[in-house]
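The values are calculated or read from the model by the stated rules, or taken from the named source; none is laboratory data. Bear in mind that the values here come from a model prediction, so they are computed numbers and not experimental data. Here the Cβ positions follow ideal geometry from the backbone for every residue, glycine too, while neighbour counts run over all protein chains shown.
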Amino acid sequence: MSLRRRYEILLPLQFNDGREVPESLMTKTVEDLETRFRADSWESQVIRGRWHHQGIDFRDNSNRLVMDVDDTQENRAFFLELKETLQERFQQVEIWITTHSIEVL
């Protein structure tokens with residue numbers, strides 16, 4: 001059994017200024033991950049969030065993208081770089097990516 005790691009990415013449905021994110025940016029992100037890892041899971045339910053940054057209150061609507069991959073330094077480095085790419089692509093102050101070890105039975 002190989003060690004696996006789950007990465008969960010909250011993909012925003014609006015830019016920080018409130019404009020709607022074009023579906024094409026969501027599709028591009030999913031396609032990029034499918035190309036690299038050959039699989040993904042995408043929750044289309046809206047995840048609502050609120051947060052505060054430099055005196056500004058933000059309200060977010062997001063979808064969750066879930067990736068289960070081999071637990072390697074190479075994959076970790078990929079997701080760290082992806083975070084920067086997504087912050088630019090989605091014009092965000094922050095993109096929330098969480099990770100934890102998993103055991104697939």
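Please specify each residue of region 33-90 satisfying the condition of being farther than 25 Å from Ile102 by Cα, out of contact with any helix residue (DSSP H, G or I) (no Cβ under 8 Å at 6 or more places or on another chain) and either charged (D, E, K, R) or at pLDDT 95 or above (or both).
Correct list: Arg48, Arg50, Asp57, Arg59, Asp60, Thr85, Gln87, Glu88.
What pairs come up if the first residue lies in region 9-29 and is part of a strand (DSSP E or B), the second is surrounded by 14 or more Cβ atoms within 10 Å (Cβ to Cβ) and of a type in the set (Phe, Trp, Tyr), and their beta carbons are under 6 Å apart, counting only those six or more places apart or on different chains?
Leu10/Trp96; Pro12/Phe90
What number of residues within region 94-105 are surrounded by 12 or more Cβ atoms within 10 Å (Cβ to Cβ) and in contact with a Lys or Arg (Cβ under 8 Å, 6 or more places away or on another chain)?
4
Out of the residues in region 2-32 that are of a type in the set (Lys, Arg) and under 14 Å from the mean Cα position of the chain (by Cα), state the one that is nearest to Trp96 (Cα to Cα).
Arg6
Output the number of residues of region 30-47 satisfying the condition of being part of a strand (DSSP E or B) and surrounded by 10 or more Cβ atoms within 10 Å (Cβ to Cβ).
5
Quick check on my filter: what residues within region 49-83 are over 15 Å from Leu11 (Cβ atoms) and charged (D, E, K, R)?
Across region 49-83, the qualifying residues are Arg50, Asp57, Arg59, Asp68, Asp70, Asp71, Glu74, Arg76, Glu81.
Just the residues that are exposed (fewer than 14 other Cβ atoms within 10 Å of the Cβ), touching a strand residue (DSSP E or B) at 6+ places or on another chain (Cβ under 8 Å) and either under 20 Å from Glu20 (Cβ atoms) or of a type in the set (Phe, Trp, Tyr) (or both), please, taken from region 51-93.
Once the filter is applied, which keeps residues that are exposed (fewer than 14 other Cβ atoms within 10 Å of the Cβ), touching a strand residue (DSSP E or B) at 6+ places or on another chain (Cβ under 8 Å) and either under 20 Å from Glu20 (Cβ atoms) or of a type in the set (Phe, Trp, Tyr) (or both), region 51-93 yields Trp51, Asp57, Arg59, Val93.
Consider Leu105 carefully, then state whether it is under 17 Å from Trp42 (Cβ atoms) and out of contact with any His (no Cβ under 9 Å at 6 or more places or on another chain).
no
Among the residues of region 56-80, write down those that are free of Cβ contacts under 8 Å to residues at least 12 places away in the same chain and either closer than 17 Å to Val30 by Cβ or in a strand (DSSP E or B) (or both).
Correct list: Ile56, Asp57, Arg59.
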